[in-house]
Amino acid sequence: MNKLHCDLGKLILKNPVTVASGTFGSGKEFKDFYDLSQLGGIMVKGTTLLPRRGNQPQRLVETAGGVINSIGLANGGVDDFLNNILPEAKDYGTAIIVNISGDTTDDYGRMAEKLSVPGVAALEVNISCPNVKHGGIAFGTVPDMAREVATMVKNNTDLPVIMKLSPNVTNIAEMGAAVESGGADIISMINTLIGMAIDIKNRKPIIKHIMGGYSGPPIKPVALRMVYQVYKTVKIPIIGMGGIMNTEDAIEFIMAGASAVSVGTANFVDPYTPLNIIQGLNKYVEENGLSSYKEIIGAVHR
Ligand SMILES: Cc1cc2nc3c(=O)[nH]c(=O)nc-3n(C[C@H](O)[C@H](O)[C@H](O)COP(=O)(O)O)c2cc1C
């Protein structure tokens, strides 16, 4: 019996270890390292309705403990994904989860409709991007806007809908409740924290776009706290991420309430991290005499 069998309601994964959007391309970039079918799933890099060149460089900077990125969702657009990326990715033998971003609520609906095709296992909805019809406020920072996006996507697809929460809010539990009431099947969290780095020689921000998304090991305590708070608030399953580097980190997320995890920035350090975690979880389950890793979901207690 597969003790790592992962059941996220409408989405079934062979194990709870996925790779995070924007850190693993579409899988193609990593397929020479190992057989991708070992992964629970791949969250492919952010896709938009139309092609995007992304932001001007410099787009990535390493800090004392993590990275700041401002890629600006560079991608070939949803049609390019459907015509040129999905035909290969659907044969990797793992769940292909497409990460979508929009400028408007309607954009999300149109993308959901277009992507509802065989080979796509689920949609992961990035709401950390600005709503151009509402003065550029990020969808993921206003509960009503986040709920609206969830409902729009749900109304345009039969695929499982994963709403990806932004940590750049005061009350994360409220955001979790909002997307759940909008119809989300699953929550993934967290996206990056807004950060900044300065080159003191020329007194300029290192990232051309001034600010970017901060990720990697230092954000783990924040991510864990947020997963814990949302787990206490919602009934739908959570995919936890934010600074996961090894098996122990993954177990912390599961104990905080995540039913699955996603490995992001760690892929840049060691592309084998997700496989090491799968192996580590199997070992943990055996050593602790568990019948399934599910026994430790939300198991943290005082
Ligand atoms: C270079 C880079 C690009 C990213 N692109 C996306 C993206 O397109 N869509 C998205 O929802 N999240 C994106 N993320 C956020 C990650 O998926 C993840 O939520 C975040 O980095 C936290 O996990 P980590 O600390 O393990 O990296 C990106 C992160 C990085 C580092």
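Side notes on the structure shown:
- Some residue of the range 193-208 being modelled with pLDDT of 95 or more, within 9 Å of the ligand (Cβ to nearest atom), within 21 Å of THR170 (Cα to Cα) and not in a helix (DSSP H, G or I): yes
- Scanning the range 28-45 for residues that are within 19 Å of ASN69 (Cβ to Cβ) and open to solvent by less than 10 Å² (accessible area, probe 1.4 Å) yields ILE42, MET43, VAL44.
- Here ILE244 passes the criteria (1) closer than 20 Å to PRO160 by Cβ; (2) not in a helix (DSSP H, G or I) except the one numbered (1).
- Some residue of the range 166-174 being more than 14 Å from the ligand (Cβ to nearest atom) and touching a Pro at 6+ places or on another chain (Cβ under 6 Å): yes
- Listed by first and then second residue, the pairs linking a residue in the range 173-191 that is in contact (Cβ under 8 Å) with a residue 24 or more places away in the chain to a residue that is of a type in the set (Asp, Glu) and within 16 Å of the ligand (Cβ to nearest atom), with Cβ atoms under 6 Å apart and 6 or more places separating them unless they lie on different chains, are SER188/GLU124.
- Test: residue in the range 162-172 that is among the hydrophobic types (A, V, I, L, M, F, W, C), in a helix (DSSP H, G or I) and open to solvent by less than 30 Å² (accessible area, probe 1.4 Å): yes
- Hits in the range 262-272 (condition: touching a helix residue (DSSP H, G or I) at 6+ places or on another chain (Cβ under 9 Å), near the ligand (Cβ under 9 Å from one of its atoms) and not polar (S, T, N, Q)): VAL263, ALA266
- Residue check for PHE24: part of a helix (DSSP H, G or I), in contact with a strand residue (DSSP E or B) (Cβ under 7 Å, 6 or more places away or on another chain) and either on the phi < 0 side of the Ramachandran plot or not charged (D, E, K, R) (or both): no
- Taken residue by residue, the range 293-302 has at least one member that is modelled with pLDDT under 95 and over 22 Å from LEU36 (Cβ atoms).
- Look at (1) touching a residue at least 40 places away in the same chain (Cβ under 8 Å); (2) open to solvent by 50 Å² or more (accessible area, probe 1.4 Å); (3) assigned to a loop (DSSP other than H, G, I, E, B) and you find that GLY72 fails only one, number (2).
- So ILE187, is it crowded, with 19+ Cβ neighbours inside 10 Å and in a strand (DSSP E or B): yes
The values are calculated or read from the model by the stated rules, or taken from the named source; none is laboratory data. Keep in mind that what you see is a predicted model, and the values were worked out from it rather than measured. When we count neighbours, we look across all protein chains shown, and the Cβ atoms used for this are built from the backbone with ideal geometry, even at glycine. When the accessible area is computed, the model is the full protein with side chains, heavy atoms only, and any ligands, DNA or RNA have been set aside. Shrake-Rupley method; radii C 1.70, N 1.55, O 1.52, S 1.80 Å.
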